[in-house]
Structure formats: structure tokens, C-alpha cells
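Derivation of every value follows stated rules applied to the coordinates shown; laboratory data play no part. None of these values were measured; they are calculated from a predicted model. Positions of Cβ are backbone-derived with ideal geometry, glycine not excepted, and every protein chain shown enters the neighbour counts.
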Amino acid sequence: MKPSHFIGSRVVKTGVAVFLTAWICELFDAPAVFAVITAIVTIEPTVSDSIRKGFVRFPASAIGAAYSVFFIYLFGNSPITYALAATLTIVTCFRLKLHAGLLVATLTAVAMVEVIHSNYFISFLIRLGTTTIGLVVSTAVNMFVLPPDYTSHITENMMAIRKRLAAKIEKVFYTVTAEQPTAATNALKSTDVVYKKIRQTETLIQFQKEEAKYHPLTNSEKRFFKQVEKQLTCLKLIHYHIDNVVTTRLRDDLWHDHEKKIIRQAADELVDTFNRKTALNQTHIRELRELYWRENGVASRKPDASVANFPPELIITYELLTICQLTERFLEYGKDIKKQTKIIEQSR
């Protein structure tokens, strides 16, 4: 993802929302500060979030304003007013599960202390009105100005995940076939970076689904995102199976030279596939499958053979074979994605 693009659109929308909110408040001769505060925090990644959280922020702001007016009436403009208004606003919003409105409600409660000196009820109503202006304007801006489109970010993330997994596959399977794999595997790093990237992409896909409620997708776009989601599931499972290999207990006498060659050839094939999106060489996959069945046959004849005592050779060949199968599925989804992308580009 390119942060400058992602953050930039929200910054632009925030600026537009603040300007329009302040301008409308000026037309009605109403104080703009509370409306502007609301407008700033209401710009969300999706229109759906802006609307949903707006219904939370309005009552939360009302609670903050009410506490502020009440304590100003009792104690005037004093430190105890600030403390009680802020504290009770937070507690009440938390108890009522208005978590999305905590920030704007607390800011409203504290900011009102300085500007209210009389006509408490009228001031309370004005604050609710300006808060409503901020919510409505900000939501409208989010919907119509630079509508969120996460397609490019999702595509970039998918490419980054592919490349990271390719590098991890090469490193892991060359390590477990090293001369002394027990010592070598201790140096393998966790794949948490890949996992975070996968989670981030899942979030972006969810954002795009929510956005589709207000900016409907064409059939080709729906098909595109459905297939991308399936691809991401494949990558997530591949990541899981790589981690299984990393956590497998090894011995230093695991492999014969020809077995190492088969495993490394399969790993190289996967790396090439992820980097270039080329089809897997079925000769290498067939050799790996034969190795797996040989290891399976040997394991079943061992006296300690049980579900709890699978030998590491069997586990590693199984995981690698599973990764190959998931990769083939990933490529199948990719063909449909390519087709839908062409249709989308032609329709624009």
C-alpha cells in the first residue's frame, strides 16, 4: 500500500468537510468549533462507518454537552467543572457502549466550559445543532468527494504477500534440507509480517464490501473481489502450512541427497510461480507426491507409528505438497481475476 495515496484522500476530504461545516455554521451565525471537531472525527475509511458511527456520536455528544451545562450551572468555569464533565462523559459513554463517540463527546464537554456563561438550555440546543451539521456534512463529503476505492491497495498487498511468501518458502525448505537442519531452523524468523499484511488486506476487502452498499459494484467487480478473497484465503493457508514446517521438530539425518533435491526443486517451482504467476511443473509435483507416499509407507511400518508420532519427513513433505495444491488453486482464481479485470477496464 502507498500510504501517501491512502492518507492523502482522507486529508483532502477532512479539509473539505471542515470548510463546508464552518461555512454553514457561519451562515446560521452559530459557533463552528464543535461542528468542526465532529466533522474531523467523522471522516471514516468507508461511508458505512461514517453513518453507523454518526448514530453513536450524536447521543454521545449530547451527553457530553449535558454534563458540561449541568456542571457549569453548579460550579461555573472552574477546574472541578472540567474534571467532572470529562470524567462522567467518559464513564456514561462507556456504560452505554457509545465507544465510537467517546472522543468527540469528551472534547465537546471540555470545550463548552469556556464558552458558556448564560442561557444554558439554549446553548445546549445550539451545540446539538452544530454537532448535527458536522455529522451530516462530513458523511456527505465522505460519500461524494473521492469515494473510497481500495482496489489498487488490495492488489498491491496481494503482490507483496506473494513475494514475501515466495521468499519464506525458499528459506524454510532450503533450511529444513540443510546438512544440519536442527541448528539452521532456530535462525528462522517468524512470519508475523506476512500475517499482518494478510490481516490488513482482509480489512481492506471488508471496507470495499461495506462501501459497495453506497457505491454498488458491477457484476464483474463483484466477481473480481470474490476471486481475490478466495486467493487471499489460499495465501493465508499457505502461510499457515509454512509455519507448521517451521515449528516441526527435526533431526540432522532426515534426508538422502535425492530427497533433498526433490524438495528443493518443488520449493524453487513455488518461488518461480509466486514471482511470475507461471504454472507449476507437474513433473516436480509428481516426484514430490511419490516421495510423500514413500515416507508415508515407511512411517506406517515403524513400531512407534501413531497420530502423535508422525516423523518430520512425512510432515514436511505433506505440508509442501499441500502448499503446491493451494498454489494451483490460487492460480485458477487468478485466471478469472485477469478475465474480470479486462472486462472492468473495457467498461470504463
Inset, instruction - Please work out how much length the chain gains when fully extended from W23 to R52, using 0.36 nm per residue of separation minus the C-alpha to C-alpha distance, in nm with one decimal. - result: 8.0 nm
Legend entry - Nonlocal amide H pairs with A30, under 5 Å, H built at 1.01 Å: none
Legend entry - Tilt relative to the chain, helix 3-27 - C-alpha long axis, 0 to 90 degrees, to 10: 10 degrees
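Counting Lys +1, Arg +1, Asp -1, Glu -1, what net charge surrounds E210 among other residues with beta carbon under 11 Å of its beta carbon? The partial results should precede the final answer.
Values: positive: R52, K209, K213; negative: E44, D49, E211.
Charge balance near E210 sits at 0.
N244 to E328: FRET efficiency via 1/(1 + (r/R0)^6), r the Cβ-Cβ distance, R0 22 Å, to the nearest 0.05? Write down the numbers at each step before the final one.
Details: r = 19 Å, r/R0 = 0.86.
Here the calculated transfer efficiency is 0.70.
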Inset, instruction - Could you state the angle between the C-alpha long axis of helix 219-246 and the longest principal axis of the C-alpha atoms of the chain, as a value from 0 to 90 degrees rounded to the nearest 10? - result: 60 degrees
Inset, instruction - Evaluate the charge dipole of the chain about its Cα centre and quote only its size in Debye, nearest 20, assuming +1 on the Cβ of each Lys and Arg and -1 on the Cβ of each Asp and Glu. - result: 500 debye
Legend entry - Spatial extent of the chain: Rg and Dmax, with the Cα atoms as the point set, Å: 28.9, 90
Inset, instruction - Taking the chain as the reference, fit the longest principal axis to its C-alpha atoms, fit the long axis of helix 282-300 to the helix C-alpha atoms, and give the angle between the two in degrees, 0 to 90, nearest 10. - result: 80 degrees
Inset, instruction - Please compute the net charge surrounding K226, taking Lys and Arg as +1 and Asp and Glu as -1 over other residues with Cβ under 11 Å from its Cβ. - result: +1
Legend entry - FRET efficiency, K226 to A83 (Cβ-Cβ, R0 45 Å, nearest 0.05): 0.30
